[in-house]
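Encoded as C-alpha cells, the structure appears first; notes follow it.
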Amino acid sequence: MPLRTGLEKVMVVGSGPIIIGQAAEFDYAGTQACRALREEGLSVVLLNSNPATIMTDAEVADRVYLEPLRLDVATQIIRAERPQGLLATLGGQVGLNLAVELSRAGVLEQYGVELLGTSLASIQMAEDRLLFKEAMERAGHPVPLSAIVHRLSEAKDFARRVGLPLVVRPAYTLGGTGGGLARTYEEFELIVARGLKLSPISQVLLERSVEGWKEIEYEVMRDLGGNCVAICAMENIDPMGIHTGDSIVVAPTLTLTDRENQKLRRAALDIICTLGIAGGCNVQFALDPRTGQYCVIEVNPRVSRSSALASKATGYPIARVATKIAVGLDLTEITNPVTGATSACFEPAIDYVVLKFPRWPFDKFRGANRSLGTQMKATGEVMAIDRTFEGALQKAIRSAETGADGLYLRELASQDTSSLWQALESPDDRRMFIIAELLRRGREVMEIHALCHIDPFFLEGIKRITSMEARLMEPGALPGLLRPAKELGFSDARLAAIAGLDVEHLQRLRWEQGIEPVYKMVDTCAAEFEATTPYFYSTYRARENEAVPTGRPKVLVLGSGPIRIGQGIEFDYSSVHAVTSLREAGLECIMLNNNPETVSTDFNASDRLYFEPLTAEDVMSVIRLEKPVGVVVQFGGQTAINLASEVAKHALVLGTSVESLDISEDREKFDRLLTRLDIPRPPGGTAFDTTQALAIAHRVGYPVLVRPSYVLGGRSMEIVYNDEDLFEYMRSAVVVSDRHPVLVDRYFEGREVEVDAVADGEDVLVPAIMEHVERAGVHSGDSIAMCPAQSLAQPLQDTIIDYTRRLARGLNVRGLMNVQFVIKDNQVYVLEANLRSSRTVPFLTKVTGVPMVPLATRIILGASLASLGAQTGLVPPSALVAVKVPVFSWAKLTAVDTGLGPEMKSTGEVIGVDVDAAEALAKGFLAAGVNLPGAGTVLLSVADRDKPVGVELGRALFGAGYHLMATRGTARSLEAAGLPVETVAKLDEGSPHVLDVIATGQVVLVINTLTRGKVPQRDGFKIRRTAAEFGVPCLTSPDTAAAAVRAMLHRKSRPLAGPVALQQYEAVGRAHRSTGS
Amino acid sequence: MRGRLVLEDGTVYEGRAFGRPGTAFGEVVFNTGMTGYQEVLTDPSYCGQIVTMTYPLIGNTGICEGDSQSHRPFVRGLVVHQLCATPSHTRMIGRLDDYLYGHGILALEGVDTRALTRKLRVHGTMNGAITSGDAPGEELVRQLSCQGPSDLVAEVATGRPWRVFGDGPHLVVVDLGVKLNLIRYFSRHNCTVTVVPPTTPAEDILDMDPAGVLFSNGPGDPADAHAAIGTARELLGKTRLFGICLGHQVLALAMGARTFKLKYGHRGGNHPVRDLRTNHVQMTAQNHGYAVVRESLAGLGVDITHTHLHDATVEGLSHRRLPVNTLQYHPEVGPGPNDSEHLLAAFLTSLGGQAPAQKAPEFPAALAYQGE
C-alpha cells in the first residue's frame, strides 16, 4: 500500500524526561520516526518536553514543541497545528498514554486526527490485563493461570485447582506491598490472609508462578497488509522474576532448539495478528526449560527499550520501519537501508553474540536496596558484540564503566562462601560476579544452577573464564595462553592483574605475538549480501579483518557510554552533533560507543561505527587500525575525558590539550592557575588523612564541602558542619589514599551560576548565563536553572564573563567549556571548570539558537570564532525565559532519600519556556510532573534554620486560599506568625500521624527541608519516602519550594499560556520585546 | 587435532578437527539459520556438501530427541566457528561431536566462518576438501578435481518402499531424500503414507491408487534425477502432484522447464517469499542450490505462484489445468519458520484429508509438548 492519502501533517509525541524505565531509547526511536516521516514528504509536529534530545532539534521536525506532555497542552497544539495524523507508538508509555487520553477526551475526533499505526482498540487489548488475557485465550495462547479473589476460601479453592507455587498480589498496595510467592499451603494461607488485610478493597490477585522459567522476547513487526516478521529473538540470562530491563540479555537465543525457537516465533506472530498491531511490537514469553511449555507474559504494542536493543543488535531500523508502516507503507515497499538492496520484509540473520548489560545507579545510592525484582532499577545499558558468549560478556562488563575490568570484584573475594550463596539467593546487580567467585572457589555449575535457575550454558561460559584465570596463574603460563585468553574476552588490564604485570608490559607481550583484534560487520544478513552501512565489532577469534580503513582523512569521536545519573543523554546529543559537523567539514567520522539506546549508535549517524567498550585498550585498538588524524574527546562526557591521556599516547587529541584537561581536574594545579589568573575560589585544600582534613576545615571554617578527588556527578560529596561529622565522613564514606585524596572546601551558601562557553583559545562565546534557583549545595544537575539569569546585576554578569574568558585563555581552551560559580556577598567565586561539553549544552542550544557543538567542532579543527563569523562575549539575552527542571525516578529507587544535596540524583530534565518567568517556571514544573494544584492542603515540615522561609511560604499559600498543615515545630512558627495551621502528629506521637495524611491523599504538596548534619532524621526520611511512594510532590530545598509556590500562585491567577514552538522562539522574543518597550 | 578445509582455488582454512578423523570432499555451502544445526545435518538434501553454519556457536543443545530429519547425518563435513564444549538441554540425548564421530563425519571448529562465507558469497559455491590429515593442499585440490559425479539421490533415498498406515487418504511420496518432518506432517494428519524409491515406475505408483503423489526434497542437480523426472512426466494429469524443493525442480523439468545453478544458493530460515495470489510475504526455510529458469516456463501452461523477494527466483508453481503444485522452499520446516504450513494443509485438504486448525496448542496440550 502506498502512503495513505490525505495525510500531510503528522504529530509525533515523544516520551518526555529520562526516568528509570524510559530512557534514551525513545530519542533514538523518535528521531528515526521524524526523519522517516519527512522522507515521505510529510510535515512533522513534535511534542516532547525533554530538551536534551536530538529529536527536539529544530532540524528534526517542522515544528518542535518543548512543552509539557499533558492533555491540555496537546489539545492546544492540535488546535493550532491541525495535523491529520497522530503517531504515538514511538514515545514510550508516556506517548501512548497521552494518545489514549486525547482519544478519550474526544480531541482526536473533534479535530479529525487519525491515530496512525496500531489502533486504540488494539492498544487497549494489549494493555488491559483482562482484555489481553481473554484475547490470548481466544487465540489459544497460554497465559499464566490467574484469579482475583476476595476471601481466603476462594483463594484456597483456586490453589487446590491449579497447585502451588502461586504468586499473591494484593490489589492497590504500592509496589506490591504484602504480596509474595507461596510454595507451601501454610505460606499460601499466611500471605493471602495478610494480603487481604492490607488491600484497601480486600482483593488479591493469584497467579501461577513461572519463577525460574526462561524469559524469551521476540521483537516483531506487522504491516497493515498483514505481512509480519520477527526481527530478533532475545533470551534473558536471568530467568523470570527479574525485570527484563534489569536482566542481562543475549541475542539471538542461545539455549533453544530450532523447534522451541520456531514455536515461540510463530506464537509471537499469531499474537500480533490477533491484536491487529501495525508497526513494532514486543512479545515476552516464559518458557519452562523442563517441559518446553510456554506462556505469554506481556505484549508492548509499541516501540520499546527492547526494540532499540533489537534494532542495534541486528542492524534492522525498527523505529524507521514502524513509522513507515504507520503511514500506510507495506514492509515490501520499504528498503533495508543497511544492505540498500533487499527489502525490509525479511528477518535479520545474526552471526555473532549480542549481550546487553544494564547500568545500575547503586554506586551513587549507597543506601539503596540493590536487590533486583519486578521493579526496574537500571538507568541505562550497554551492548557488546563478539563471536563468543564469553567475549561479549567481558566486553559488556568493561563497557558498563563500574570499575570492573573483568568478571572480578575485589569486594567479593573477601566474603565467605556462605554469604555469597545467600547473596545469590536474592539476586542483585553483582550476581554474575558472585557466580564467578563461587566457581573460582570450586563450586559446581549444577549447584549454582539449582539456586539461581540461570541456564547451565551461561554458567559454563563463566566457568570457562574462571578456569582460564586459574590456568593463567600458573607460573610461566601466560605467554602460551595469551591468545586463548584474549579469545575469551579478557582485557589486557585484567590479564596484567592476574599475571602481576603492568599493563604496558602485557600489551608489549601481546603485540610481539601479533595478537590483535580483527573487526567484523553487523550487516543484518550474516554476510549473505553486501552491506553498505554496516557497523563493526572486534573479535580475537577470527583472522579476517573486514574494517579496512579508507584512504580518507578521518577523525575518531569517543561517545559517552551508558546512561547513568550524572552522565545522561545530553552527552550523546553533543556527540551526534560533533559527528555531523565533522562530516560536513569533509572528514570521515568514526564513532566509538556502546550504548544501544542512543542516536549516536544509529547505523547512519556516522561514517563508521565501532560498537566497543570505552576503555583505553579498546580505543587504542581502533586507533591502531584506523590511524585517525585526531581524536575528539570533549563531547563524550567524563568517560571520554578520562581516556584523553591514554589516547594522547597513540594519537593526536584534538581541541583543548590534555595538559589543560589535567590542570582543570587536578586541584592543586587548578588552584595555582586561579591564583595566577587572579580569580577567587572558595578556600580549601587537599587532605590525605583525617588530621589534614580537620586542619583545613579549621583554617577555612565550617561548613565545608568534602569530596574525593576525580569524581563524577558529585559522588560521595557532602556538606559537613562540624568536626564530628567530618571525622565520620573520613572514616566511613571514602577510602582515602595517596592516589585518591579528599578535597575540603569552604562551603558558601550563595547563589549558584553556570555558563557554557565556546572558546578558541583567545576569546569566548557565552550563549547565556544560567542562574540556579537552589542555592549552592544542591548539585547543579539537580537544580532548577533559569536562563537568562534573573537577578544578576550587570557588573556581576561582566565579572562572570571576564572570569570565563580568563580561564579560556589561561587553559587555551579550544572547544566547549563549562564553568560553575557561586556568588556570595556580591563576590564571584569559581567552583570548577570542566573543559568539555556539559549537561546544559542541548538546553542552551535550543533556547538561544547558538549552535554550540558545531562551532566548537569547527574550532577543534582549527577555526577561530572570528573566522566563523561568530560573536564573542555574552550573547544579548532573548526576551524568552527558559527553565530547566530536573526529574527524578524516586518511585523506582526504594530506600533512597529524596532530599537534595551535593550528590546528583536526578535522571532527566524538562524545559519550560515563556516570555514570562513565572509562566516558564510553571510549565517546567508541570512538565516535570509536579502538579500545581489550585487548592488543597500543603504540608510543611521544615528545619529550624528554614523556619523564616517556611513562614513566608505559609503566608503566601494561605493568602492564595491553600490550607496549611504542619508538624509541631513548624506549626508553632506558623502560628506565631498569625497563620491558621492544622498540626499533625509526628511519627512517635501516634496515629494518625504525618505519614498517614500523605498516604491517604489529604495533602497536595509536601515541603520538607533537610536538617543539617548527619544526625539520622528518621521522620524526615520517612516523610520524603512516603511522599515519593504515594506520588505526592515533595520539595526538599526551601528555594525549590519558593519557586513552586510562586508557580502555583501564578497558575491560579492565569490560564496556561499557549505553547510556543522552538522554531518560533526568535519571533516571539522579538515581538515581546517590541510590545514591551 | 588440527584440521583444514581446502577450497578448489587453494584457499586454506585451519581449525581444530572433531568428529571422525579422515578426509572428505564436497561442495562447500553456508547456512544462515541461527538455530537448527541438528536438522540441517540430518537433512538428506545436504548430501554431498560440506556445510558451514554462519552462526558462530554450534552444538549448544547437543543432539535432541525427535529433531533429526533422517536416521543419520548426510553432510560430507561440517565447519563451525565454535563447538559448544558443554551442551545442555532437557531433551538432549547426546553431544554433537560424539554424534558426528559415530557417523564417521569430520568437522572443524575454530574456523573464521564469516570469512569463509564472504568468500563463497563473492566467488560462488566451490568444491572443497575437509581433512584431519597432513596431505598438502595442492594434493587435495588435485584430488578434488578427480572427484567423479556421484548419484546423491540414490545415496539418500530409500531402496525399497515403506509405509505408515493411517485412516485418511493415501499419499505416495517419491523419496528423493525426504525429511522426516514431511512424513510426520501427513502421518500426524492421518494419511497413509507410502514412501517409494526414486526409481519407482509411474504405473507401480498408480497401482497403489494414491490420492496424490509428492516428490520430496533431495540433494544434487535436478537434471541428474532422470528416473524421477521420467516418472513425474508419466504421472502428470493422472493424479494430484505436489513437489517440494528438488521435487519442485523435478516436476518443473517434467513439465518442460529448465533449471540453473545459483551462485551460492539459498540456505537459511529467513528467505522472504511472496505468494503472488495473495500478495502476502512469508518467511521461508530454504535449502537449494538450483532454481527453475523463469523464462523456460513460457508456454507450458504453468503459473508462477511464489517468488523470492530478494532475487525474484521462482519459488512455487501451479499448473493451470492439471492438479500440480510445487514449492521450492520447505513448508514442512525443521529447521526454519513455519509460516507456510497452510500450503501443506491445502494439499492435504485436496487429497481429502482433515486440514488442521491453524492454532497453537491450548494450555493443557502444551503440557504434553515434551518430545512431541
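The values are calculated or read from the model by the stated rules, or taken from the named source; none is laboratory data. Quick caveat, the model's predicted, so the values are computed rather than measured. Reconstructed Cβ throughout: ideal geometry from the backbone, glycine too, with neighbour counts over all protein chains shown.
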Which condition number does B:Val75 fail, the rest of (1) in a loop (DSSP other than H, G, I, E, B); (2) facing chain A (nearest Cβ under 10 Å); (3) without any contact (Cβ under 8 Å) to a residue 60 or more places away in the chain being met? (2)
Note on region A:346-366: residues within 12 Å of chain B (Cβ to nearest Cβ) and at pLDDT 95 or above are A:Glu347, A:Pro348, A:Ala349, A:Ile350, A:Asp351, A:Tyr352, A:Val353, A:Val354
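Give the residue, chosen from B:Gly10, B:Gly36, that is under 20 Å from the mean Cα position of the chain (by Cα), at positive phi and modelled with pLDDT of 95 or more. It would help to see each step written out before you state the result.
Details: B:Gly10 fails: under 20 Å from the mean Cα position of the chain (by Cα).
Criteria check complete, one pass: B:Gly36.
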Hey, among the residues in region A:851-891 that are over 24 Å from the mean Cα position of the chain (by Cα) and among the polar types (S, T, N, Q), which one's surrounded by the fewest Cβ atoms within 10 Å (Cβ to Cβ)? A:Ser867
Residues that are within 14 Å of another protein chain (Cβ to nearest Cβ), aromatic (Phe, Trp, Tyr) and in a loop (DSSP other than H, G, I, E, B): does region B:49-58 have at least one? yes
Out of A:Asp330, A:Asp288, A:Asp270, report the one residue that is closer than 29 Å to A:Thr5 by Cβ, of a type outside the set (Phe, Trp, Tyr) and surrounded by fewer than 24 Cβ atoms within 10 Å (Cβ to Cβ). A:Asp330
Give the number of residues within region A:98-121 that are surrounded by 22 or more Cβ atoms within 10 Å (Cβ to Cβ) and touching a residue at least 40 places away in the same chain (Cβ under 8 Å). 6
Given the conditions (1) more than 14 Å from chain B (Cβ to nearest Cβ); (2) touching an Asp or Glu at 6+ places or on another chain (Cβ under 8 Å); (3) farther than 24 Å from A:Leu424 by Cα, and given that A:Pro337 satisfies all but one, which numbered condition is not satisfied? (2)
Test A:Tyr294 against the criterion of being closer than 22 Å to B:Gly66 by Cα, buried (at least 24 other Cβ atoms within 10 Å of the Cβ), touching a residue at least 60 places away in the same chain (Cβ under 8 Å) and touching a strand residue (DSSP E or B) at 6+ places or on another chain (Cβ under 9 Å), and give yes or no. yes
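For (1) at pLDDT 95 or above; (2) under 30 Å from A:Leu625 (Cβ atoms), each residue gets a yes or a no:
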{"position": "A:Gly655", "(1), (2)": "yes, yes"}
{"position": "A:Asp666", "(1), (2)": "no, no"}
{"position": "A:Lys669", "(1), (2)": "no, no"}
{"position": "A:Arg676", "(1), (2)": "yes, no"}
{"position": "A:Gly684", "(1), (2)": "no, no"}
{"position": "A:Ala687", "(1), (2)": "no, no"}
{"position": "A:Ala693", "(1), (2)": "no, no"}
{"position": "A:Pro708", "(1), (2)": "no, no"}
Would you call A:Ala605 without any contact (Cβ under 8 Å) to a residue 40 or more places away in the chain and in a loop (DSSP other than H, G, I, E, B)? yes
So A:Gly442 passes all but one of these: (1) in a helix (DSSP H, G or I); (2) on the phi > 0 side of the Ramachandran plot. Which condition number does it fail? (1)
Could you check A:Arg746 against (1) within 30 Å of A:Asp825 (Cα to Cα); (2) of a type in the set (Lys, Arg); (3) at pLDDT below 85 and say which number it fails? (3)
Which residue out of A:Gly500, A:Gly551 is of a type in the set (Gly, Ala, Ser), over 30 Å from A:Val579 (Cα atoms) and surrounded by fewer than 13 Cβ atoms within 10 Å (Cβ to Cβ)? A:Gly500
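Got a sec? Which of B:Leu300, B:Leu253 is away from every other protein chain (no Cβ under 14 Å), more than 15 Å from the chain's Cα centre (by Cα), closer than 20 Å to B:Ala227 by Cα and in contact (Cβ under 8 Å) with a residue 12 or more places away in the chain? Don't jump to the end; show me each part of the working.
Numbers: B:Leu300 fails: closer than 20 Å to B:Ala227 by Cα.
Only one candidate passes the filter, namely B:Leu253.
Results for (1) closer than 19 Å to B:Pro197 by Cβ; (2) part of a helix (DSSP H, G or I), shown as yes or no for each residue.
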| position | (1), (2) |
| --- | --- |
| B:Leu214 | yes, no |
| B:Pro219 | yes, no |
| B:Val250 | yes, yes |
| B:Phe260 | no, no |
| B:Lys263 | no, no |
| B:Gly269 | no, no |
Among the residues in region B:134-141, are any in contact (Cβ under 8 Å) with a residue 24 or more places away in the chain, over 29 Å from B:Val178 (Cα atoms), in contact with a helix residue (DSSP H, G or I) (Cβ under 9 Å, 6 or more places away or on another chain) and surrounded by fewer than 21 Cβ atoms within 10 Å (Cβ to Cβ)? yes
Would you point out the residue of region B:98-125, among those that are farther than 15 Å from A:Glu528 by Cα and surrounded by fewer than 19 Cβ atoms within 10 Å (Cβ to Cβ), that is farthest from the other protein chains (Cβ to nearest Cβ)? B:Gly104
If you go through region B:282-293 one residue at a time, do you hit one that is outside any strand (DSSP E or B) and more than 9 Å from chain A (Cβ to nearest Cβ)? yes
So which residues in region A:517-543 are modelled with pLDDT under 95, closer than 24 Å to A:Gln394 by Cα, more than 9 Å from chain B (Cβ to nearest Cβ) and not in a strand (DSSP E or B)? A:Asp523, A:Thr524, A:Pro534
Can you tell me which residue within region A:216-243, out of those that are within 9 Å of chain B (Cβ to nearest Cβ) and part of a strand (DSSP E or B), is farthest from the chain's Cα centre (by Cα)? A:Cys228
Residues in region B:303-319 that are more than 9 Å from chain A (Cβ to nearest Cβ), part of a loop (DSSP other than H, G, I, E, B) and buried (at least 17 other Cβ atoms within 10 Å of the Cβ): how many? 1
Filtered residues of region A:254-278 (kept if within 7 Å of chain B (Cβ to nearest Cβ) and of a type in the set (Val, Ile, Thr)): A:Thr255, A:Thr257
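Based on this model, can you work out whether A:Ser791 counts as surrounded by fewer than 19 Cβ atoms within 10 Å (Cβ to Cβ) and assigned to a loop (DSSP other than H, G, I, E, B)?
On the way: surrounded by fewer than 19 Cβ atoms within 10 Å (Cβ to Cβ): yes; assigned to a loop (DSSP other than H, G, I, E, B): yes.
Yes: the conditions hold for A:Ser791.
Does A:Ala155 fit the bill of being of a type in the set (A, V, I, L, M), more than 14 Å from chain B (Cβ to nearest Cβ), under 17 Å from A:Gln203 (Cβ atoms) and part of a strand (DSSP E or B)? Full working, then the answer.
On the way: of a type in the set (A, V, I, L, M): yes; more than 14 Å from chain B (Cβ to nearest Cβ): yes; under 17 Å from A:Gln203 (Cβ atoms): yes; part of a strand (DSSP E or B): no.
Answer is no for this residue.
Here's the yes/no breakdown for (1) touching a residue at least 60 places away in the same chain (Cβ under 8 Å); (2) surrounded by 22 or more Cβ atoms within 10 Å (Cβ to Cβ); (3) within 18 Å of the chain's Cα centre (by Cα); (4) closer than 21 Å to B:Gly353 by Cβ:
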{"site": "B:Leu171", "(1), (2), (3), (4)": "yes, yes, no, yes"}
{"site": "B:Leu182", "(1), (2), (3), (4)": "yes, yes, yes, yes"}
{"site": "B:Pro197", "(1), (2), (3), (4)": "no, no, yes, no"}
{"site": "B:Val213", "(1), (2), (3), (4)": "no, yes, no, yes"}
{"site": "B:Pro219", "(1), (2), (3), (4)": "yes, yes, yes, no"}
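Have a look at A:Ala436, A:Ala493, A:Ala400, A:Ala404 and point out the one that is touching a residue at least 60 places away in the same chain (Cβ under 8 Å) and in contact with a Phe, Trp or Tyr (Cβ under 8 Å, 6 or more places away or on another chain).
On the way: A:Ala436 fails: touching a residue at least 60 places away in the same chain (Cβ under 8 Å); A:Ala493 fails: in contact with a Phe, Trp or Tyr (Cβ under 8 Å, 6 or more places away or on another chain); A:Ala404 fails: touching a residue at least 60 places away in the same chain (Cβ under 8 Å).
One residue alone meets the criteria, A:Ala400.
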